[in-house]
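Quick one: the structure is below, questions incoming.
The values are calculated or read from the model by the stated rules, or taken from the named source; none is laboratory data. Quick caveat: nothing in here was measured; it's all calculated off a predicted structure. Here the Cβ is made from the backbone with ideal geometry for all residues, glycine too, and neighbour counts use every protein chain on show. Just so you know, the surface numbers come from the protein's heavy atoms only, side chains and all, with ligands and any DNA or RNA stripped out. Shrake-Rupley method; radii C 1.70, N 1.55, O 1.52, S 1.80 Å.
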Amino acid sequence: MKTKATSRLGAWLAILLGSGYFLLPLIATFEFSLKMKREGYSLEAYRVVLSDPGFQASFGYSALLALLTIAVGIVLVVPTAFWVQLKLPRLRPLIEFITLLPLVIPAIVLVFGYLRLYGSAGWLPFTGSERGTDLLLVFGYVTLALPYLYRSVDTGLSAIDVRSLTEAAQSLGSGWFDILRLVIFPNLKTAILSGAFLTFAIVIGEFTLASLLARPAFGPYLQLIGANRAYEPAALAVIAFLVTWAAMGLMQVVSRNRAAFGADEH
């Protein structure tokens, strides 16, 4: 009994220490962001940031690129994971290893590789135009989000009977495109949304690729404001945290709704 109480106390101490480690800097940042006016606490820093055309332009740009990254990532990952699960299960460890590479290869190495291959002197000069550079940035974001998006989709595929669903659809005369569109995608809705929210959070806060490709994204804007002002960077940091947490919260809501729907079906 005493051992159980000691173990519970240790668990609570670990939770308190972890919560303090993560929350105290955020609370201090939020408190500092409210001190822009000498008279007392105010939301002046947030008003200045939200009314700044630079913030609106950079956040809108990053949000648009996040949506494009999600679309490209889904088109690339879902058919690949489906095919590996169905036809090439022996290659699954290799594919998983490849999708994990962005976690061990720094983004700065990736972007210098891009510049060497796709620079204005390269064989495919993406960086020769703004739209080409935007496209290159989307490809870079897809690479950075690959570990999270692939794992989310792969987990979703493991939870359904891919082979039986595919054979049933084929027996009804469906082709591969219809199987993906009408059978696989609807069954992976929760997994795809989870990966999409993670991808959105990654793209919104990304700095290295956007900065070295000289694109007006939210990450470089954060760095620029942080180098020149005092209170606005704290407000921006809190806003960025809120956006990330909103994406994570939506992911949890979607997962719970899906689990509740599955339980009702059974």
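Residue-by-condition table, conditions (1) open to solvent by 20 Å² or more (accessible area, probe 1.4 Å); (2) touching a Phe, Trp or Tyr at 6+ places or on another chain (Cβ under 7 Å); (3) over 22 Å from Ala196 (Cα atoms); (4) not basic (Lys, Arg):
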{"position": "Ser58", "(1), (2), (3), (4)": "no, yes, no, yes"}
{"position": "Leu64", "(1), (2), (3), (4)": "yes, no, no, yes"}
{"position": "Ala71", "(1), (2), (3), (4)": "yes, no, no, yes"}
{"position": "Ile74", "(1), (2), (3), (4)": "yes, no, no, yes"}
{"position": "Arg90", "(1), (2), (3), (4)": "yes, no, yes, no"}
{"position": "Phe97", "(1), (2), (3), (4)": "yes, no, no, yes"}
{"position": "Leu115", "(1), (2), (3), (4)": "yes, no, yes, yes"}
{"position": "Phe126", "(1), (2), (3), (4)": "yes, yes, yes, yes"}
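Mind checking which helices (runs of 4 or more DSSP H) fall wholly inside region 103-216 and carry at least 3 residues that are more than 27 Å from Trp83 (Cα to Cα) and in contact with a Pro (Cβ under 6 Å, 6 or more places away or on another chain)?
Fully inside region 103-216 and qualifying: nothing.
Residue by residue, here is whether (1) open to solvent by 50 Å² or more (accessible area, probe 1.4 Å); (2) at pLDDT below 85; (3) touching an Asp or Glu at 6+ places or on another chain (Cβ under 8 Å); (4) under 25 Å from Leu146 (Cβ atoms) holds:
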| residue | (1), (2), (3), (4) |
| --- | --- |
| Leu182 | yes, no, no, no |
| Ile192 | no, no, no, yes |
| Thr208 | no, no, no, yes |
| Ala217 | no, no, yes, yes |
| Asn228 | yes, yes, no, no |
| Ala240 | no, yes, no, yes |
| Val243 | no, yes, no, yes |
| Ala247 | no, yes, no, yes |
| Arg258 | yes, yes, no, yes |
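Restricting attention to region 39-56, and to residues there that are open to solvent by 30 Å² or more (accessible area, probe 1.4 Å) and of a type in the set (S, T, N, Q), which single residue is farthest from the chain's Cα centre (by Cα)?
For region 39-56, the residue satisfying everything is Ser51.
Based on what the data block shows, is Ser158 modelled with pLDDT under 90, surrounded by fewer than 17 Cβ atoms within 10 Å (Cβ to Cβ) and either farther than 20 Å from Ile74 by Cβ or not polar (S, T, N, Q) (or both)?
So Ser158 fails the test.
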